[in-house]
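The values are calculated or read from the model by the stated rules, or taken from the named source; none is laboratory data. Being a predicted model, the structure only gives us computed values, none of them experimental. Quick reminder, even Gly has a Cβ in these numbers, built from the backbone with ideal geometry, and neighbours come from all protein chains shown. Ligands, DNA and RNA are stripped out before the accessible areas are found, and what is left, the full protein with its side chains, is counted by its heavy atoms. Shrake-Rupley method; radii C 1.70, N 1.55, O 1.52, S 1.80 Å.
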Amino acid sequence: KIINTVSWSLWDSNRELLDGLRKLANGSSSPEELYCHTNESNKGAFWHTLCGGVECDPGSVSSPKRVHRTGELIDVTRYQKWEAWITGETHLNSVEFQTMEIGNVNQLVGSTSAGRRFIKTQKGYIGWAPEKCEEGDLVVVLAGGGVPYILHSEPEIEIPEYGEGSFPCYSVLGDSYVHGIMDGEVFELLDESDREMKEIILI
């Protein structure tokens with residue numbers, strides 16, 4: 001379940017806003033503590049999440065680039081350079097932006113966050129969800145599916161052919177990036193006590 005959500009525009013960002021996102025992601029935990037069930041630190045998970053779990057090969061913003069999914073960040077230094085740039089006064093068209101990895105990272109963060117809200121779930125997972133999501137919406141992995149989806153609760157309905165009582169109904173707001181539960185690995189990594197399989201009705 002989503003417990004916090006923040007709308008973030010890359011072009012309106014500054015140090016205070018980026019620090020706010022980091023504090024939302026870490027909570028009371030240290031940046032060096034492990035993130036949820038993974039072997040990755042909270043700091044690494046935060047950077048990974050900002051870029052939607054993908055890496056971009058170094059190069060100038062005008063040259064062809066190869067974007068690929070990666071299990072762990074290959075080079076955190078490029079993200080640290082991006083942070084220094086996005087919270088500083090370096091101009092968008094500066095030589096530094098054009099010739100270093102900053103431009104590539106900036107494109108990844110921009111495309112990942114466009115039309116999305118930064119979220120944190122009740123169990124401590126962070127990610128990006130559709131802009132129209134709100135606190136209380138559910139993050140689910142549908143049986144047989146891969147990426148997590150965001151569901152919004154709707155009034156329950158009765159279906160006589162399925163027996164007595166009413167059934168929970170949800171509308172689908174869209175897919176999401178939630179670090180640590182992509183590609184359906186949640187079914188294997190989480191303890192059975194943390195998993196809840198149930199039938200729902202999508203409307």
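One table, with the values for the structure above:
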quantity	calculated
Among residues of segment 147-174, those that are assigned to a strand (DSSP E or B) and either acidic (Asp, Glu) or surrounded by fewer than 20 Cβ atoms within 10 Å (Cβ to Cβ) (or both), counted	16
Tally, over segment 32-52, of residues that are at pLDDT 85 or above, part of a loop (DSSP other than H, G, I, E, B) and open to solvent by less than 40 Å² (accessible area, probe 1.4 Å)	4
In segment 188-201, residue modelled with the lowest pLDDT [restricted to those that are surrounded by 11 or more Cβ atoms within 10 Å (Cβ to Cβ) and more than 17 Å from Lys1 (Cα to Cα)]	Leu189
Counted residues, segment 123-145 - those being in contact (Cβ under 8 Å) with a residue 40 or more places away in the chain, surrounded by fewer than 21 Cβ atoms within 10 Å (Cβ to Cβ) and more than 18 Å from His37 (Cα to Cα)	8
Tally of residues being under 11 Å from Tyr177 (Cβ atoms) and assigned to a loop (DSSP other than H, G, I, E, B) across segment 114-146	1
Answer from Ser29, Ser62 - the residue that is at pLDDT 75 or above and over 25 Å from Ile150 (Cα atoms)	Ser29
Qualifying residue in segment 112-122 (condition: open to solvent by less than 50 Å² (accessible area, probe 1.4 Å), at pLDDT 90 or above and more than 12 Å from the chain's Cα centre (by Cα))	no
Residue satisfying condition, being open to solvent by 30 Å² or more (accessible area, probe 1.4 Å), under 22 Å from Ile181 (Cβ atoms) and at pLDDT below 60, within set Ile3, Ile74	Ile74
